[in-house]
Amino acid sequence: MGDRSGGSSSSSEEEEPLGAELVQVGTALYSQACQELGTRGGDAKEAELLLTGSLESFQSALAAPEALAEAAASDGETLDEALHDIKTLLAEVQVLLGRVVEWKHPDKSRKMYEEATQHDPSSAAPRLELARLLWRNGTSASELQRSQSLLTESLALAREARDEEVEREAGLLLARLHSQQPGHQAETHAVLRSLGGFTWTLAPFLTSTDWTRGQPPAQVHGPAPPGSVQPLFAFDSALPGVLLSHMKWAFRPGAAFWRHHEYDGPRTGFFSYQHSLPPPVDGITSPASSLDQVILHLQRVVAQKVPRVAQARFAEWWAHSRPHSNGHRLHYDYVDDGEGKPPRHPICSTVLFVTADCGGPTLVLDQTVAKPTTSMGWLVRPSANRVACFDGRHLHAVMPGVGLSPAGGSARRLTFMVAFWEDDPRAPPFPYPRTEEGSGTQAQTPTKWVEEVLRPLRGPRVDKAELGLVRDDEVLFLASIVEAVEDDRGSSPERPRTKRARLGRSKSVDLLDDRVFAPLTALNSGINLAEKGECSLNCGGKCPACLARCLGYSGGDGGDDGDDD
């Protein structure tokens, strides 16, 4: 080979690596990136750099066919065989790099997935990731149709390659997509049968109803059975205008809060902050900030239906900004005190819909840790300035939006959650700016996001503002939650007679059982490097998997577990 650098060949460092060396470099960088991403608390930025270097090495190798042919001949391969191997590795790198950067560069990720399907037409993974991203960010019916086609192709390719992980993920997403389309009950059941292991699925009226548009289906009408205790309440016009305007501004799409916490980033797990609630003075509190005023006003609003919340000594809050297609998996709000103690739940949890341009309703079930089966449920649809509050012991979730977003692909379902606790929830304390002792002046400049959420209000006082409108009519009762997965003859298979499914015939089912198909998760890339928690839900220990691992608590004999609110 001649001198590729155009100068002296005495120094090997000045020579451009040959094809084989480029492939070796690309492979080594890819391996290092996989190791980084396989470590809890791994550095996503470092992985991104490694994967970018790997990508460039493989692309350079493909751009030097003469050197590649020479290297292939020395290994006893043809050029076509060498090109096939490199493109296969390149597609793997593109898929992984796309998943790492998707939260901040979705267009770049889409390009990566598209190219990967071309570099390795027989691979199921690029089609799976592309289908999920098109569904998550889709703005047209054709994109949703393409997503369904890609999932079908991915499922077939994964089965052919015996890639069980991709097969299951593609199958679950395809079943979910069918379940969200009216009239696709048979297709949903067919996919679930092919995956195996599913006995129950959420009822189709629950998953395929567009709750943000149109009237509720017939299945939600009718009173709850005698003796049942409604755990969910709703209030409209929950915040006075000045507080609602503040929340819209403090948590707007470009707010410092989201940037500071790298919301949706792979290193960001569940995070929340807690405030101590001051004692009342002559029936009126003296809030320290605009954010405190929001929390205290919400406390007064929900006390109309849950008087015990007035006894709360702590408020824990967090916020979510979700696209239309994202739901949130079934979970409990709780604190694990360890040492075999039962879980500790908030007095009540609240959901304030700051904006409600898209997304699905909040679903609350009659299932608790002490009563580990679901037979009925209640839901509240999103509406701007509506607050839902529910008994903190109850299993709950967010239903994903159906179809395309009614407000366009960039719309978000912005919610602000507050859990009111009688005892310390042990969340990080809110980082109020410190003051110089005795001076009343700030000892440090607060971070930008803290400054924004504490920005002084611009408007009238709100300590005696109206407490919203009780909307019992907006709490929709669901007499059924699940249906049995039918076999290919159209009949229900025999139920396993285990304790957890002992009430199966009356459709009282443990929704956390692995045999129940409950497609409520976010359509995110699945890359999670958060140091807190050990699941891929960014839940901070509040998901079913973490609950089962951490608690190990049977909760008694299936009766109700405590006080009425």
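Kindly check whether there is at least one residue in segment 350-367 that is of a type in the set (D, E, K, R), under 18 Å from residue 471 (Cβ atoms) and over 20 Å from the mean Cα position of the chain (by Cα). Taking every residue of segment 350-367 in turn, none turns out to be of a type in the set (D, E, K, R), under 18 Å from residue 471 (Cβ atoms) and over 20 Å from the mean Cα position of the chain (by Cα). Scanning segment 508-522 for residues that are in a loop (DSSP other than H, G, I, E, B) and either out of contact with any His (no Cβ under 8 Å at 6 or more places or on another chain) or not β-branched (Val, Ile, Thr) (or both) yields 508, 510, 511, 512, 513, 514, 515, 518, 519, 520, 522.
The combined condition, being out of contact with any Lys or Arg (no Cβ under 8 Å at 6 or more places or on another chain), crowded, with 18+ Cβ neighbours inside 10 Å and not aliphatic (A, V, I, L, M), is not fulfilled by residue 212.
Considering the conditions (1) surrounded by fewer than 17 Cβ atoms within 10 Å (Cβ to Cβ); (2) within 30 Å of residue 270 (Cα to Cα); (3) of a type in the set (Asp, Glu), residue 81 is excluded by exactly one of them, (2).
Per-residue answers, yes or no, for (1) modelled with pLDDT of 95 or more; (2) aromatic (Phe, Trp, Tyr); (3) open to solvent by 20 Å² or more (accessible area, probe 1.4 Å):
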| position | (1), (2), (3) |
| --- | --- |
| 293 | no, no, yes |
| 305 | yes, no, yes |
| 312 | yes, no, no |
| 315 | yes, no, no |
| 332 | no, yes, no |
| 349 | yes, no, no |
| 362 | yes, no, no |
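Filtered by the rule that a residue be surrounded by 19 or more Cβ atoms within 10 Å (Cβ to Cβ) and under 16 Å from residue 44 (Cα atoms), segment 84-108 gives 93, 94, 95, 96, 97, 98, 99, 100, 101, 102.
Given the criteria hydroxyl-bearing (Ser, Thr, Tyr) and at pLDDT 95 or above, does residue 154 qualify? Yes, satisfied. Number of residues in segment 109-120 that are crowded, with 19+ Cβ neighbours inside 10 Å, of a type in the set (D, E, K, R) and either within 25 Å of residue 253 (Cβ to Cβ) or in contact with a Phe, Trp or Tyr (Cβ under 9 Å, 6 or more places away or on another chain) (or both): the value is 0.
Of the residues making up segment 455-504, those that are farther than 24 Å from residue 381 by Cβ, of a type in the set (Lys, Arg) and at pLDDT 70 or above number 2. Is there a residue being more than 38 Å from the chain's Cα centre (by Cα), surrounded by fewer than 21 Cβ atoms within 10 Å (Cβ to Cβ) and not in a helix (DSSP H, G or I) anywhere in segment 44-65? Yes, some residue in segment 44-65 is more than 38 Å from the chain's Cα centre (by Cα), surrounded by fewer than 21 Cβ atoms within 10 Å (Cβ to Cβ) and not in a helix (DSSP H, G or I). Does segment 388-399 contain any residue that is in contact with a helix residue (DSSP H, G or I) (Cβ under 8 Å, 6 or more places away or on another chain), under 28 Å from residue 244 (Cα atoms) and assigned to a strand (DSSP E or B)? Among the residues of segment 388-399, at least one is in contact with a helix residue (DSSP H, G or I) (Cβ under 8 Å, 6 or more places away or on another chain), under 28 Å from residue 244 (Cα atoms) and assigned to a strand (DSSP E or B), which makes the answer yes.
Would segment 86-101 turn up any residue that is more than 22 Å from residue 32 (Cα to Cα) and of a type outside the set (Ser, Thr, Tyr)?
Here is the first cut: in segment 86-101, the ones more than 22 Å from residue 32 (Cα to Cα) are none.
No, that holds for no residue.
Of all the numbered requirements in (1) more than 30 Å from residue 508 (Cα to Cα); (2) modelled with pLDDT of 90 or more; (3) in contact with a Leu (Cβ under 9 Å, 6 or more places away or on another chain); (4) not hydroxyl-bearing (Ser, Thr, Tyr), residue 428 misses one, and that requirement is (3). Suppose the filter is touching a residue at least 12 places away in the same chain (Cβ under 8 Å), buried (at least 24 other Cβ atoms within 10 Å of the Cβ), of a type outside the set (Asp, Glu) and assigned to a helix (DSSP H, G or I); does residue 188 pass it? Considered against the rule, which asks whether it is touching a residue at least 12 places away in the same chain (Cβ under 8 Å), buried (at least 24 other Cβ atoms within 10 Å of the Cβ), of a type outside the set (Asp, Glu) and assigned to a helix (DSSP H, G or I), residue 188 comes out as yes. Against the numbered list (1) touching a residue at least 24 places away in the same chain (Cβ under 8 Å); (2) over 27 Å from residue 384 (Cβ atoms), residue 196 comes up short only at (1). Filtering segment 196-209 to residues that are within 19 Å of residue 147 (Cα to Cα) and either touching a helix residue (DSSP H, G or I) at 6+ places or on another chain (Cβ under 6 Å) or surrounded by fewer than 16 Cβ atoms within 10 Å (Cβ to Cβ) (or both) leaves only 207. Of everything listed in (1) over 26 Å from residue 528 (Cβ atoms); (2) assigned to a helix (DSSP H, G or I); (3) among the small types (Gly, Ala, Ser), the single unmet condition for residue 76 is (2).
Take segment 166-184 and flag every residue that is open to solvent by 70 Å² or more (accessible area, probe 1.4 Å) and either in contact with a Phe, Trp or Tyr (Cβ under 6 Å, 6 or more places away or on another chain) or at pLDDT 95 or above (or both). Of everything in segment 166-184, those that are open to solvent by 70 Å² or more (accessible area, probe 1.4 Å) and either in contact with a Phe, Trp or Tyr (Cβ under 6 Å, 6 or more places away or on another chain) or at pLDDT 95 or above (or both) turn out to be 168, 169.
Would you confirm, using the coordinates I've provided, whether residue 235 is aromatic (Phe, Trp, Tyr), more than 19 Å from the chain's Cα centre (by Cα) and at pLDDT 95 or above? For residue 235, the condition - aromatic (Phe, Trp, Tyr), more than 19 Å from the chain's Cα centre (by Cα) and at pLDDT 95 or above - is met. Considering segment 240-256, the residues that are buried (at least 19 other Cβ atoms within 10 Å of the Cβ) and of a type outside the set (A, V, I, L, M) include one that is farthest from residue 451 (Cα to Cα), namely 240.
Among the numbered conditions (1) more than 29 Å from residue 510 (Cβ to Cβ); (2) modelled with pLDDT under 95, the only one that residue 384 does not meet is (2). For segment 121-145, residues that are surrounded by fewer than 20 Cβ atoms within 10 Å (Cβ to Cβ) and either of a type in the set (Gly, Ala, Ser) or in contact with a helix residue (DSSP H, G or I) (Cβ under 6 Å, 6 or more places away or on another chain) (or both) total 5. Is it fair to say residue 228 is in a loop (DSSP other than H, G, I, E, B), of a type in the set (Ser, Thr, Tyr) and surrounded by fewer than 24 Cβ atoms within 10 Å (Cβ to Cβ)? Against the criterion (in a loop (DSSP other than H, G, I, E, B), of a type in the set (Ser, Thr, Tyr) and surrounded by fewer than 24 Cβ atoms within 10 Å (Cβ to Cβ)), residue 228 qualifies.
The values are calculated or read from the model by the stated rules, or taken from the named source; none is laboratory data. Treat the numbers as computed from the prediction; the structure is a model and nothing was measured. Please note: Cβ atoms are built from the backbone with ideal geometry, for glycine as well, and neighbour counts cover all protein chains shown. Heads up: the accessible areas ignore ligands, DNA and RNA and are worked out on the full protein's heavy atoms, side chains in. Shrake-Rupley method; radii C 1.70, N 1.55, O 1.52, S 1.80 Å.
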